[in-house]
Amino acid sequence: MSKHTTQRPAILGMLGGGQLGRYFVTAAHELGYQVWVLDPDAHSIAGQIAERHLHAAYDDRAALDEMARECSVITTEFENVPAETLDYLAKSVPVRPAAAAVSVCQNRLSEKGFLRDNGLPHGPYAAVHSEADIAAAGADLFPGILKVVRFGYDGKGQAVVEDREAAVAAFRNFKGETCILEKKLTLDYEISVVLARDEEGNTRCFPVSENIHRRGILDISIAPARAAQCIRDSAMEYAEHIAAKLGYIGTLGVEFFVSHGQLVVNEMAPRPHNSGHYTLDACVTSQFEQQARAVCGLPLAEPRAHSASVMVNILGDIWFDGDTYREPDWNLLHQYPNLKLHLYGKHEARKGRKMGHFTVIGEDPAKVLEAAMAARAAIGIAD
Ligand code: ADP
Ligand code: MG
């Protein structure tokens, strides 16, 4: 296949219009491209800053036809765009990453099967199509986590199950949807690798990030991760191997567990990743610019971090003071001179909804962490 470069001016198509799409639009604009966003949400925050917001369903043929006709290349920020949509668009316009790569990451069973088939480390699991599968599951899978195989995110569609009985109850609660039963691993800590890969297979990894979750949602990312160099190096090697095996073009996030000192791949996200938001403020190039470069066939840029950083997610919870809904006092964060505040402009805060984040940068990782934790407490994020 010959190398394809999207010349400017050109329109790039983005499927999905949340914060990841919004940052992509900004990065693409800076590179001189226009962007059309397809998102069924009338309030799409990426749609608001794009040249055009196609306010339509992901399978709306008229909207897809228009995108295919006008856009030079299509990418995505949302892994649950139907694979058929990507395949349909791919008949007339380059789609990056391709449907085949995205669909592996859309289903927790195909994801685990991919890891197994490619000799990548993953935790023990069993497919659960029926209650009989729970009865037949190995005793070593308990205590476990039962997860729906599709459409789960931020800990949604998951239940910790101590024993078989609890697994059956959780399975019924998920209305018999196909699930995966994973052994609940003892986590030393969690890390992730965000990388970009281009059409020719050139791959650049951002520094590894260390991630702390709260109630199943990313709370804090520390970059670079405090893990040993050999752990960080192997994580990057595994992530590159995954990207190569997927024939991936674009920005990819790979989440890892470190359990009893061993690296285990948790899951992949076929898009920029929340744990890569620190790249906006702490790296030479952001994960979104790298996505735009990869999908447009421009050379990948330098991913090096120029600062130590700690990113803290801002969830809608802090808009609620008891029963009162009010804007948080952002001045509490502006006191920190090395803190970069990012608010996504969502029209309504909800508990657990990602409304923004902030990143503290600096030279000394310990001081950066200290300031980020102080700022996090100051704005009222609970432990
Ligand atoms: P999501 O799509 O919601 O990010 P994950 O599978 O990454 O789903 O799970 C969210 C978090 O739950 C993980 O980052 C980890 O903290 C915890 N978790 C998930 N699976 C396991 C497991 N098998 N063992 C231990 N902890 C887990
Ligand atoms: Mg995850």
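Below, the figures for the structure above:
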item: Inter-residue pairs, beta-carbon under 9 Å, first of a type in the set (D, E, K, R) and in the stretch 302-314, second part of a loop (DSSP other than H, G, I, E, B), 6+ apart; result: GLU302/VAL284; GLU302/THR285; ARG304/PHE206; ARG304/PRO207; ARG304/VAL284; ARG304/THR285
item: Residues of the stretch 209-224 classified as crowded, with 21+ Cβ neighbours inside 10 Å and within 14 Å of ligand 1 (Cβ to nearest atom), total; result: 5
item: Top-ranked residue in the stretch 134-147 [being more than 15 Å from ligand 2 (Cβ to nearest atom) and not aliphatic (A, V, I, L, M); ranked as surrounded by the most Cβ atoms within 10 Å (Cβ to Cβ)]; result: GLY144
item: ARG232 more than 16 Å from ligand 2 (Cβ to nearest atom), touching a helix residue (DSSP H, G or I) at 6+ places or on another chain (Cβ under 8 Å) and open to solvent by 10 Å² or more (accessible area, probe 1.4 Å); result: no
item: Residues of the stretch 198-209 satisfying the condition of being assigned to a strand (DSSP E or B) and either aromatic (Phe, Trp, Tyr) or away from ligand 2 (no atom under 14 Å from the Cβ) (or both); result: THR203, ARG204, CYS205
item: Residue in the stretch 338-360 that is surrounded by 15 or more Cβ atoms within 10 Å (Cβ to Cβ) and of a type in the set (Val, Ile, Thr) present; result: yes
item: Unmet requirement for HIS122, which otherwise passes all of (1) open to solvent by less than 40 Å² (accessible area, probe 1.4 Å); (2) assigned to a loop (DSSP other than H, G, I, E, B); (3) closer than 16 Å to GLU267 by Cα; result: (1)
item: Single unsatisfied condition, LEU300 versus (1) of a type in the set (A, V, I, L, M, F, W, C); (2) within 14 Å of ligand 2 (Cβ to nearest atom); (3) open to solvent by 20 Å² or more (accessible area, probe 1.4 Å); result: (2)
item: Tally of residues being in a helix (DSSP H, G or I) and open to solvent by 10 Å² or more (accessible area, probe 1.4 Å) across the stretch 84-98; result: 4
item: Criterion violated by VAL104 - all others in (1) within 12 Å of ligand 1 (Cβ to nearest atom); (2) in contact with an Asp or Glu (Cβ under 7 Å, 6 or more places away or on another chain) satisfied; result: (1)
item: Strands (runs of 3 or more DSSP E) within the stretch 148-197 that include 3 or more residues buried (at least 16 other Cβ atoms within 10 Å of the Cβ) and within 15 Å of ligand 2 (Cβ to nearest atom); result: 189-197
item: Extreme residue, nearest to GLU77 (Cα to Cα), among residues of the stretch 248-269 that are more than 10 Å from ligand 1 (Cβ to nearest atom) and out of contact with any strand residue (DSSP E or B) (no Cβ under 7 Å at 6 or more places or on another chain); result: GLN262
item: Failed item in (1) closer than 18 Å to ASP198 by Cα; (2) over 13 Å from the mean Cα position of the chain (by Cα); (3) crowded, with 24+ Cβ neighbours inside 10 Å, with PRO270 passing the rest; result: (2)
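A quick yes/no check of all residues on (1) within 27 Å of LEU280 (Cβ to Cβ); (2) outside any loop (DSSP other than H, G, I, E, B); (3) out of contact with any His (no Cβ under 6 Å at 6 or more places or on another chain):
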residue: HIS29; (1), (2), (3): yes, yes, yes
residue: VAL35; (1), (2), (3): yes, yes, yes
residue: ALA56; (1), (2), (3): no, no, yes
residue: LEU64; (1), (2), (3): no, yes, yes
residue: MET67; (1), (2), (3): yes, yes, yes
residue: THR75; (1), (2), (3): yes, yes, yes
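The values are calculated or read from the model by the stated rules, or taken from the named source; none is laboratory data. Just so we're clear, the structure is a prediction, and the values are computed from it rather than from any experiment. FYI the Cβ positions are ideal-geometry reconstructions off the backbone, even for glycines, and counts take in every protein chain you see. For accessibility, only protein heavy atoms count, side chains too; no ligands or nucleic acids. Shrake-Rupley method; radii C 1.70, N 1.55, O 1.52, S 1.80 Å.
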